[in-house]
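Worksheet for the structure shown next.
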Amino acid sequence: MSVAVRPRRSVLYMPGANTRALEKARTLAADALIFDLEDAVAPDSKEAARANVVAAAGSKAYGKREIAIRCNGLATPWGRDDVFAIARSRADAIVVPKLENPRDATDIVAMLDAAGAPASMALWGMIETPRGFLHAEAIASASPRLACVIMGTNDLVKDLRARHTPMRLPMMAALGMAMLAARAAGVAILDGVHNDIQDAEGFLAVCRQGLEMGFDGKTLIHPGQVEPCNAVFAPTDADLAMAAKIVAGFEAARAAGKGVVTVDGRMIENLHVEQARRALALAAAIAELAE
């Protein structure tokens, strides 16, 4: 699978204390899984959950999908032990909550290096607070290990003293800043969760909004959200047919020495070809993930 275009349409949180949920996750069609040691785990279950997720990640029983583990914050009694355990867990990534400045990211990277984490283990940083969003550009470019930023929209709304609304207008400025930061740094960016698991129509609406904004995918809290999320964030058949025509038309024109390319009456520039190639690569990577 191409590392440049990796499907992260649906990224599902799974509670680390629930071994049945970790087993069920093997059958789910999420592109990636986050085994959670933070919000989804009660204090008296933290250490048992840590052992569960390390064993699950080490089992390599989840096919080709990415496996990430979310640690507790370093200021908690469990955070440092989480980081050292995750470093040796064979997970693909560590998810770190509430990054507020680049030092937060580089401190984690130093701990991973000290613990012997493989170079392939990525850092996925959560940006959740007003200070974090104001420092999004510096966070997104803090380390070569940082491969993805995740929006923590629940904490953001709380800290803003705002409200969750259907169009998410109170958080648009922050999400836009993070989007610019991620794209400038060349890292992936995932949208935040949708809390109402019964609100199928609202969930589809925010998935479409996230796609339109440029997110690579969305973090999820329930298996029932996986399938609709995958559908929204995947290229459609029409998208792929047009992408193939654009690439073929561009290649034919270039072979003929033509400087101007048109497809179905549209002028095609290099940026359109780049977008078309990415759509085709994403579709191929999605198909490979499902094998």
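From the list Ala182, Ala87, Ala147, which residue is among the hydrophobic types (A, V, I, L, M, F, W, C), touching a strand residue (DSSP E or B) at 6+ places or on another chain (Cβ under 8 Å), assigned by TED's automatic domain parsing to the domain that holds Asp39 and more than 30 Å from Ser45 (Cα to Cα)? Spell out how you get there, then give the answer.
Details: Ala87 fails: more than 30 Å from Ser45 (Cα to Cα); Ala147 fails: more than 30 Å from Ser45 (Cα to Cα).
Ala182 is the lone residue from the list that is among the hydrophobic types (A, V, I, L, M, F, W, C), touching a strand residue (DSSP E or B) at 6+ places or on another chain (Cβ under 8 Å), assigned by TED's automatic domain parsing to the domain that holds Asp39 and more than 30 Å from Ser45 (Cα to Cα).
So that you can scan it fast, the table gives a plain yes or no per residue for (1) surrounded by 19 or more Cβ atoms within 10 Å (Cβ to Cβ); (2) in contact with a Ser or Thr (Cβ under 9 Å, 6 or more places away or on another chain); (3) within 23 Å of Lys98 (Cβ to Cβ):
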{"residue": "Gly176", "(1), (2), (3)": "no, no, yes"}
{"residue": "Val187", "(1), (2), (3)": "yes, yes, yes"}
{"residue": "Ile197", "(1), (2), (3)": "no, no, no"}
{"residue": "Cys207", "(1), (2), (3)": "yes, no, no"}
{"residue": "Gly210", "(1), (2), (3)": "yes, no, yes"}
{"residue": "Phe215", "(1), (2), (3)": "yes, no, yes"}
{"residue": "Lys218", "(1), (2), (3)": "yes, yes, yes"}
{"residue": "Gly224", "(1), (2), (3)": "no, no, no"}
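Here's the yes/no breakdown for (1) in contact (Cβ under 8 Å) with a residue 24 or more places away in the chain; (2) among the β-branched types (Val, Ile, Thr); (3) over 15 Å from Ala184 (Cβ atoms):
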{"position": "Ala117", "(1), (2), (3)": "yes, no, yes"}
{"position": "Trp124", "(1), (2), (3)": "yes, no, yes"}
{"position": "Glu137", "(1), (2), (3)": "yes, no, no"}
{"position": "Thr153", "(1), (2), (3)": "yes, yes, yes"}
{"position": "Asp159", "(1), (2), (3)": "yes, no, yes"}
{"position": "Arg163", "(1), (2), (3)": "no, no, yes"}
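Checking the structure you have, find out if any residue of segment 143-157 is closer than 18 Å to Ile221 by Cβ, over 17 Å from the mean Cα position of the chain (by Cα), of a type in the set (A, V, I, L, M) and surrounded by fewer than 23 Cβ atoms within 10 Å (Cβ to Cβ).
For segment 143-157, residues closer than 18 Å to Ile221 by Cβ, over 17 Å from the mean Cα position of the chain (by Cα), of a type in the set (A, V, I, L, M) and surrounded by fewer than 23 Cβ atoms within 10 Å (Cβ to Cβ): present.
List pairs: first in segment 89-106 and surrounded by fewer than 22 Cβ atoms within 10 Å (Cβ to Cβ), second modelled with pLDDT of 95 or more and of a type in the set (Lys, Arg), Cβ under 6 Å, 6+ apart or cross-chain?
Once the first residue is surrounded by fewer than 22 Cβ atoms within 10 Å (Cβ to Cβ) and sits in segment 89-106, its partners that are modelled with pLDDT of 95 or more and of a type in the set (Lys, Arg) give Glu100/Arg131.
With the checklist (1) crowded, with 21+ Cβ neighbours inside 10 Å; (2) not in a helix (DSSP H, G or I) in hand, flag the one item Phe203 doesn't pass.
Condition (2) is where Phe203 drops out.
Give the number of residues within segment 1-60 that are in contact with a Lys or Arg (Cβ under 9 Å, 6 or more places away or on another chain) and among the hydroxyl-bearing types (Ser, Thr, Tyr).
Residues flagged as in contact with a Lys or Arg (Cβ under 9 Å, 6 or more places away or on another chain) and among the hydroxyl-bearing types (Ser, Thr, Tyr) within segment 1-60 amount to 3.
Being among the small types (Gly, Ala, Ser) and over 20 Å from Val83 (Cα atoms) is the filter here, so list the residues in segment 125-151 that pass it.
Our first condition is that a residue be among the small types (Gly, Ala, Ser); within segment 125-151, this holds for 125, 132, 136, 138, 140-143, 147.
Across segment 125-151, the qualifying residues are Gly132, Ala136, Ala138, Ser141.
With respect to Arg145, is the statement that it is touching a helix residue (DSSP H, G or I) at 6+ places or on another chain (Cβ under 7 Å), more than 25 Å from Pro228 (Cα to Cα) and basic (Lys, Arg) true?
yes
The values are calculated or read from the model by the stated rules, or taken from the named source; none is laboratory data. Model, not experiment: these values are computed from the prediction. Glycine gets a Cβ as well: all are built from the backbone with ideal geometry, and neighbour counts include every protein chain shown.
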